[in-house]
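*Asks:* Handing you this structure, nothing more for now.
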Amino acid sequence: MVVESGVNTGATTYFIRAAAPGARIIAIDPMDRPLCLNQTRWVDRSGHTTYLVGGNFVDFGSVSWDQLSPALPPGWAANALAFFDDHTPHFDRLAQLQKVGILSALFEDNYLPGMGDLKRRSDPTNAAPDADGTIQGNSATGFKPRPDLGLGLKQLFRRDDEHTQHACNVIKSYTEFPIISDHALHRWGFSRPWRPAFDPGEWQRPIWQPQKCRSDHERFQMFRRDARMPMNSDEWFDYNFFCFVRLFSLERENTESD
């Protein structure tokens, strides 16, 4: 089972369904349409996806899991994966995951300090609410991210405070994935697609480097022309700064504190 928080165009839903045809997906998004590029959202018609979007939206931390229809099987959380691309602080999600019992999570927007677009809606010093009061948004609807506050896990680990210590106590393992394509770095104004001057621990070399490698450029263009893609393929290449975490169970934490 996969819980996807942040659907937008449906690109991630599409890839999850392609990778796991029989998996149950819970797709969560405050909007009933995408924010950018596509005018329509790819919707899974397999019958195995429950959409909590638009008027039915409930934030991940507030979902009544035992009231979903169809009902979730006993012990579902232990084998579930949560995927977050909802521009919400990663730290806030850790306690919510443990409370539900989901111990595996994939986070997008895991940027370096000074980069990114995460925000905390309830914090007036961080971001103004969107025009519709939801979590996601953009500059046209009042989206005012504050990447300097260190709301992503990578940014959090560059600090040394009580939040960093708590994250280290609840995270069992933390793994960063390589950037999919080097063109994503141009989004942040880098003059070169990949700079060896970066600390090797900051980013792994991109999987595809179409700006530097001819064969990668050819494969990149082939992917962009793939007729099987139901949405603009460029949307997928904006999903690049991933990390995967495994959490300790809440029961383990409570036992150790006793």
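We did not get these values from a lab; they are worked out from the coordinates using the rules stated. Please read all numbers here as calculations on a predicted model, not as lab measurements. For neighbour counting, all protein chains shown are included, and Cβ atoms are generated from backbone atoms with ideal geometry for every residue, glycine included.
*Asks:* Using Cβ contacts closer than 10 Å as the measure, can you line up VAL58, VAL7, VAL245 from fewest to most?
*Replies:* With the sparsest Cβ surroundings first, the list reads VAL58, VAL245, VAL7.
*Asks:* While we're here: What is the calculated FRET efficiency for ASP92 to ASP66, with r their C-beta to C-beta distance and R₀ = 25 Å, to the nearest 0.05?
*Replies:* Computed FRET efficiency for ASP92 and ASP66 comes out at 0.65.
*Asks:* Search the structure for amide H atoms under 5 Å from the amide H of GLU4, placed 1.01 Å from N in the peptide plane, and list their residues when 5 or more places away or on another chain.
*Replies:* The list, which skips near neighbours in sequence, is ILE26, ALA27, ILE28, PHE83.
*Asks:* How would you rank THR164, THR9, going from fewest to most other Cβ atoms within 10 Å of each one's own Cβ?
*Replies:* So the residues, fewest neighbours to most, are THR164, THR9.
*Asks:* Could you rank the peptides 68-74, 170-176 by their average count of other C-beta atoms within 10 Å per residue, with the highest value first? Walk me through the numbers on the way to the answer.
*Replies:* Details: 68-74: 10.4, 170-176: 14.3.
Going by the mean number of other Cβ atoms within 10 Å, highest first, we get 170-176, 68-74.
*Asks:* I've got another one for you. Once amide H atoms are placed 1.01 Å from N in the peptide plane, what residues at a sequence separation of 5 or more from VAL53, or on another chain, have their amide H within under 5 Å of its amide H?
*Replies:* When sequence neighbours closer than 5 places are left aside, the close amide H contacts are ASP29.
*Asks:* Another question, if that's okay. Excluding ILE102 itself, calculate the net charge of residues whose Cβ lies under 11 Å from the Cβ of ILE102, where each Lys or Arg counts +1 and each Asp or Glu counts -1.
*Replies:* So the environment of ILE102 carries a net charge of +3.
*Asks:* Out of every Cα-Cα pair in the range 23-112, what percent are more than 15 Å apart? All intermediate terms of the calculation are to be shown ahead of the outcome.
*Replies:* Values: 2600 of 4005 pairs.
Looking at the range 23-112, the distances longer than 15 Å represent 65 percent of pairs.
*Asks:* While we're looking at this one, here's another question. What is the fewest-to-most order of PHE242, PHE107 by other Cβ atoms lying within 10 Å of their Cβ?
*Replies:* Fewest to most other Cβ atoms nearby, the residues stand as PHE242, PHE107.
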